[in-house]
Amino acid sequence: MSPPFQASPLRAIRGRPLQGRFRPPGDKSISHRAFIFGLLTCGQTMVEGLLEGDDVLRTGAACKALGAAIERLGPGRWRIRGPGLGALVAPRETLDFGNAGTGSRLMMGVVGSHGITATFDGDASLRKRPMGRILDPLRLMGAEVLSQGEGGRCPIVLRGVRDPAPILYRTPVASAQIKSAVLLAGLNARGVTSVVETQASRDHTEKMLAHFGAEVTVTTEGEGRRIDLVGRPELIPRPVIVPADPSSAAFPIVAALIVPGSDILVEGVMMNPLRTGLLTTLLEMGADIGVVDRRTEGGEQVADLRVRASALRGVDVPPARAPSMIDEYPVLAVAAAFASGTTRMRGLHELRVKESDRLAAVAAGLSAAGVSHAIEADDLIVEGVGSARGGGLVATHMDHRIAMSFLVMGLASREPIAVDDVGMIATSFPEFRPAMERLGATFE
């Protein structure tokens, strides 16, 4: 099991306007998948722009343990030589994913469809997160769970099946992780594996399957989709260019909106419509965000975003938008605190099973900053008055997005805001502090 983070507190202080250009780190979701597809493809996969945060590097280490030869060629540049589908080796040691929920869940799909046994574990935060929703479909395909923590949590010993059965699986919630685990398992199954989701979730796995030559078909079913994958393809080595992560871009974007006088350009942000829920919501709130130079990079639509300080207003965020912005609700709550009027974010049940109970953690952070709010069932209601008092200490619960969100709040609140730990920010955004300081942010 990973050693616990050593607490490293930090304060954010209101200062001068944010100015300048900024490119967010590579997208975390695509970076995880780049390593995994490199493992499952026989031959050499070249990756540019990989996010070199701890979460992604843990996935890379797991791929190495399963038989991939992995080499870092320079910043963000990696070469992966995979053994290919069906040729993975059993790891000699526990696969330690640290804080990486995405990496651990997707790799369970990979291991579950190969005739090998692996132990999955991670830090205290990962051990709290439910894995049963991933293990259930893998059992249907023939995998066995030899042991698990209480409530289907890590540490988990998973015995994969050499000849997995193709299944048709309806996801119980809109989750790209469940869908991706099933599809990655289905890669090594004879026949067609199908996933039906009632609400569309991130489609990076489907796009990358097609990019590497798999036969995958996506059809619309109401508000959701059905994905059909023909198993045992001969995956073709292809380069992967990782676009900038919209979830990481959310922090400088919201900071520029709420710090008076700010004007920044955020470069190369992924504009995949299944990832732009926050942008849609901020525009509805009256945000001054200009979309510049739309283009395609690595198979994904990207653009530069010019963001200026704005007078925001409260809005009602529908539950159907949650899958496209599930990681951005904490920083949206910060924007809502600086808006005028009520913002109601509906249907946030999935926030309760992230790195922390993010719904409770966000509410506690808002209390520490003196922001009026309420939780009604799975809805978060924030009463914005155009400003925030600040002055409190926010408990991050080892959650990188809680830490970054409330540091952003501290850049605009009347009194500084401190968070109890920033060590875990390295899991997704290692350069957060220096990048924000280059734009003019003040931390101490």
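Key figures for this structure:
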item: Answer from 206, 197, 144 - the residue that is in contact with a Lys or Arg (Cβ under 8 Å, 6 or more places away or on another chain), within 22 Å of residue 29 (Cβ to Cβ) and among the acidic types (Asp, Glu); result: 197
item: Qualifying position, being closer than 20 Å to residue 404 by Cα and hydroxyl-bearing (Ser, Thr, Tyr), among 248, 201; result: 248
item: Close pairs (9 angstrom Cβ cut-off, 6 or more residues apart or separate chains): over 25 Å from residue 57 (Cα atoms) and assigned to a helix (DSSP H, G or I) in the range 417-444, of a type in the set (Val, Ile, Thr) and modelled with pLDDT of 95 or more anywhere; result: 439/264
item: Residue match in the range 212-220 (condition: small (Gly, Ala, Ser), closer than 18 Å to residue 37 by Cβ, open to solvent by less than 20 Å² (accessible area, probe 1.4 Å) and not in a helix (DSSP H, G or I)); result: yes
item: Residue match in the range 2-21 (condition: closer than 26 Å to residue 206 by Cα, in contact with an Asp or Glu (Cβ under 8 Å, 6 or more places away or on another chain), not in a helix (DSSP H, G or I) and not basic (Lys, Arg)); result: no
item: Evaluation of residue 267 against (1) buried (at least 19 other Cβ atoms within 10 Å of the Cβ); (2) in a strand (DSSP E or B) (one fails), failing number; result: (1)
item: Residue within the range 179-193 that is part of a strand (DSSP E or B) and open to solvent by less than 30 Å² (accessible area, probe 1.4 Å) present; result: yes
item: Per-region count, the range 270-292, residues under 18 Å from residue 32 (Cα atoms) and either at pLDDT 95 or above or open to solvent by less than 30 Å² (accessible area, probe 1.4 Å) (or both); result: 3
item: Members of the range 380-417 found to be open to solvent by 10 Å² or more (accessible area, probe 1.4 Å) and of a type in the set (A, V, I, L, M), listed by number; result: 381, 385, 393, 395, 398
item: Verdict on residue 403 being hydrophobic (A, V, I, L, M, F, W, C), assigned to a helix (DSSP H, G or I) and at negative phi; result: yes
item: Filtered residues of the range 39-85 (kept if among the acidic types (Asp, Glu) and part of a strand (DSSP E or B)); result: 48, 71
item: Single residue of 233, 260, 252 found to be open to solvent by 10 Å² or more (accessible area, probe 1.4 Å), at pLDDT 95 or above and touching a Pro at 6+ places or on another chain (Cβ under 9 Å); result: 260
item: Scan of the range 317-349 for residues that are in a strand (DSSP E or B) and open to solvent by less than 10 Å² (accessible area, probe 1.4 Å), ordered by number; result: 317, 343, 345
item: Given (1) in contact with a Lys or Arg (Cβ under 7 Å, 6 or more places away or on another chain); (2) closer than 17 Å to residue 249 by Cα, number of the condition residue 319 does not satisfy; result: (2)
item: Test set (1) open to solvent by less than 50 Å² (accessible area, probe 1.4 Å); (2) of a type in the set (Gly, Ala, Ser); (3) more than 21 Å from residue 20 (Cβ to Cβ); (4) over 23 Å from the mean Cα position of the chain (by Cα) - residue 377 fails condition number; result: (1)
item: Residue that is nearest to the chain's Cα centre (by Cα), among those in the range 88-104 that are of a type in the set (A, V, I, L, M, F, W, C) and surrounded by 14 or more Cβ atoms within 10 Å (Cβ to Cβ); result: 100
item: Among the residues listed as 76, 60, 98, the single one being among the small types (Gly, Ala, Ser) and out of contact with any Gly (no Cβ under 8 Å at 6 or more places or on another chain); result: 60
item: Condition met for residue 200 (open to solvent by 10 Å² or more (accessible area, probe 1.4 Å), within 28 Å of residue 277 (Cα to Cα) and small (Gly, Ala, Ser)); result: yes
item: Criterion violated by residue 423 - all others in (1) at pLDDT below 95; (2) out of contact with any helix residue (DSSP H, G or I) (no Cβ under 7 Å at 6 or more places or on another chain); (3) surrounded by fewer than 18 Cβ atoms within 10 Å (Cβ to Cβ) satisfied; result: (3)
item: Count of the range 293-316 residues which are in contact with a Lys or Arg (Cβ under 9 Å, 6 or more places away or on another chain), open to solvent by 10 Å² or more (accessible area, probe 1.4 Å) and among the acidic types (Asp, Glu); result: 2
item: Cross-chain or 6+ apart pairs with Cβ under 7 Å, the range 123-142 first and closer than 18 Å to residue 231 by Cβ, then buried (at least 17 other Cβ atoms within 10 Å of the Cβ) and among the polar types (S, T, N, Q); result: 141/113
item: Hey, residue 147 buried (at least 24 other Cβ atoms within 10 Å of the Cβ) and among the small types (Gly, Ala, Ser) or not; result: no
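The values are calculated or read from the model by the stated rules, or taken from the named source; none is laboratory data. All values derive from a computational prediction rather than experimental measurement. As a convention, Cβ positions derive from the backbone with ideal geometry for all residues, glycine included, and neighbour counts pool all protein chains shown. What goes into the accessible areas is simple: the full protein's heavy atoms, side chains included, and nothing from ligands, DNA or RNA. Shrake-Rupley method; radii C 1.70, N 1.55, O 1.52, S 1.80 Å.
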